[in-house]
1. Starting from residues that are in contact with a Lys or Arg (Cβ under 9 Å, 6 or more places away or on another chain) and part of a helix (DSSP H, G or I), keep the ones in region 149-195 and report whichever is modelled with the lowest pLDDT.
2. Quick check, is Leu139 surrounded by 11 or more Cβ atoms within 10 Å (Cβ to Cβ), assigned to a helix (DSSP H, G or I) and modelled with pLDDT of 80 or more?
3. Exactly one of these conditions fails for Gln87: (1) over 11 Å from Lys51 (Cα atoms); (2) touching a helix residue (DSSP H, G or I) at 6+ places or on another chain (Cβ under 8 Å). Give me its number.
4. Just name the residue that is modelled with the lowest pLDDT out of those in region 115-136 that are surrounded by fewer than 16 Cβ atoms within 10 Å (Cβ to Cβ) and assigned to a strand (DSSP E or B).
5. Any chance you could count how many residues in region 90-107 are assigned to a strand (DSSP E or B) and crowded, with 17+ Cβ neighbours inside 10 Å?
6. Would a scan of region 119-126 turn up a residue that is closer than 17 Å to Val83 by Cα and without any contact (Cβ under 8 Å) to a residue 24 or more places away in the chain?
7. Could you count how many residues in region 72-89 are surrounded by 23 or more Cβ atoms within 10 Å (Cβ to Cβ), within 17 Å of the chain's Cα centre (by Cα) and within 14 Å of Gly119 (Cα to Cα)?
Amino acid sequence: MKNKVQVLVAALVTLGLYQLYITSPVYACSCGAIGKPTEELRLSDAVFTGKVINIFPNPDGGPLKLKGENSVILEVATTWKGVSKSQVIVSRGLGGGPCEITASIGQSFLIYGNIGEDGTLLTGTCTRTTLLSEASDDLMVLGGGKPAIDKVDLASEYGNIEQRSTEESNTLITWALVIFTLLTFALVLLLAIRQRKRSEAD
């Protein structure tokens, strides 16, 4: 009976360690005051409306290496500032991570974005970015805007990245499961050997 309890405890400890390994840390998001549409238009590098047509994991996992760091490709409908191409990539802010809006394919957004130090377009919950269906007040203030001029096909260009990132993620999960299984087996075997030695000593 005692041996079974030891085995159970070892398995639970190993499972807990594995859960800590695969779980990303949680970071609180603290935002300052968000300005009115005219102010945010002036402060933002890009303001436009667009429909989500593709979502793929950032190849490096983002600057903090967190789960949920996704890039989003949007089909641009109307632009007020900073965007002239028919499709753009928002590298952070819509992927569901910390301080990010969780976007889904097919949803349309009014985006207030800024260019990061690495040249990528960023947005997030600390901006006026919102679903297009909830942006009527902003749209009235912003006015008509302009259509995107330059036609591009980023969705096709980045399709391979999405597939490759998924394959890499599946490989990591597989290796994690293998390591977890081996550790559990090693602990169980070690406890069994120790129990056998105690029995022989008695």
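1. Within region 149-195, the match that is modelled with the lowest pLDDT is Gln195.
2. Criteria met by Leu139.
3. It is condition (1) that Gln87 fails.
4. Out of the qualifying residues, it is Ile115.
5. Counting residues in region 90-107 that are assigned to a strand (DSSP E or B) and crowded, with 17+ Cβ neighbours inside 10 Å gives 4.
6. Taking every residue of region 119-126 in turn, at least one turns out to be closer than 17 Å to Val83 by Cα and without any contact (Cβ under 8 Å) to a residue 24 or more places away in the chain.
7. Qualifying residue count for the region: 0.
Yes/no per residue for (1) in a strand (DSSP E or B); (2) at pLDDT 55 or above; (3) in contact with a helix residue (DSSP H, G or I) (Cβ under 6 Å, 6 or more places away or on another chain):
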position	(1), (2), (3)
Gln6	no, no, yes
Val9	no, no, no
Leu17	no, no, no
Gly35	no, yes, no
Leu41	no, yes, no
Ser71	yes, yes, no
Ala77	yes, yes, no
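The values are calculated or read from the model by the stated rules, or taken from the named source; none is laboratory data. These numbers were taken from a predicted model, which means no experiment stands behind them. With ideal geometry, Cβ positions are generated from the backbone for all residues, glycine too; neighbour counts draw on all protein chains shown.
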